[in-house]
Amino acid sequence: MRFSIVAALAAVDEADFRTLRETIEITDSALSKQISLLEQAEYVRVRKAFVGKRSRTWLSLTGKGRTALSRHLTALREIAAWDPPGASET
């Protein structure tokens, strides 16, 4: 779930909570929990403000979060390209 959140945020400068929730198809409570963990890791920045009388939350990926995503994607690509010894013989 956290990977989906970070990947979605990597595609934009900032996303509001509702849009992110709808994009990754997750409940409010599950998204809040994952955002808290990502914020503690300093991967996500949370900005809150009022629009009229309603509180709104915007989320963005930090530099540290972008670096972590890039490293994770590199590792996944290396795993996908891995050719174990003897695999080409079968």
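The values are calculated or read from the model by the stated rules, or taken from the named source; none is laboratory data. Bear in mind that the values here come from a model prediction, so they are computed numbers and not experimental data. Neighbour counts run over all protein chains shown; Cβ positions are idealised from the backbone, glycine included. When the accessible area is computed, the model is the full protein with side chains, heavy atoms only, and any ligands, DNA or RNA have been set aside. Shrake-Rupley method; radii C 1.70, N 1.55, O 1.52, S 1.80 Å.
For segment 13-58, the tally of residues that are of a type outside the set (A, V, I, L, M) and in a loop (DSSP other than H, G, I, E, B) stands at 8.
Would you mind stating whether Ser70 is among the polar types (S, T, N, Q), without any contact (Cβ under 8 Å) to a residue 24 or more places away in the chain and farther than 19 Å from Ser4 by Cα? Judged against the criteria, Ser70 is not a match. No other residue among Ala49, Ala8, Ala30 is within 21 Å of Leu76 (Cα to Cα), open to solvent by less than 40 Å² (accessible area, probe 1.4 Å), out of contact with any Asp or Glu (no Cβ under 7 Å at 6 or more places or on another chain) and without any contact (Cβ under 8 Å) to a residue 40 or more places away in the chain apart from Ala8. Residues that are among the β-branched types (Val, Ile, Thr) and surrounded by 12 or more Cβ atoms within 10 Å (Cβ to Cβ) within segment 11-27 comprise Val12, Thr19, Thr23, Ile24, Ile26, listed in sequence order. For segment 61-70, filtered to residues that are surrounded by fewer than 16 Cβ atoms within 10 Å (Cβ to Cβ) and of a type in the set (Gly, Ala, Ser), the residue that is farthest from Asp28 (Cα to Cα) is Ser70.
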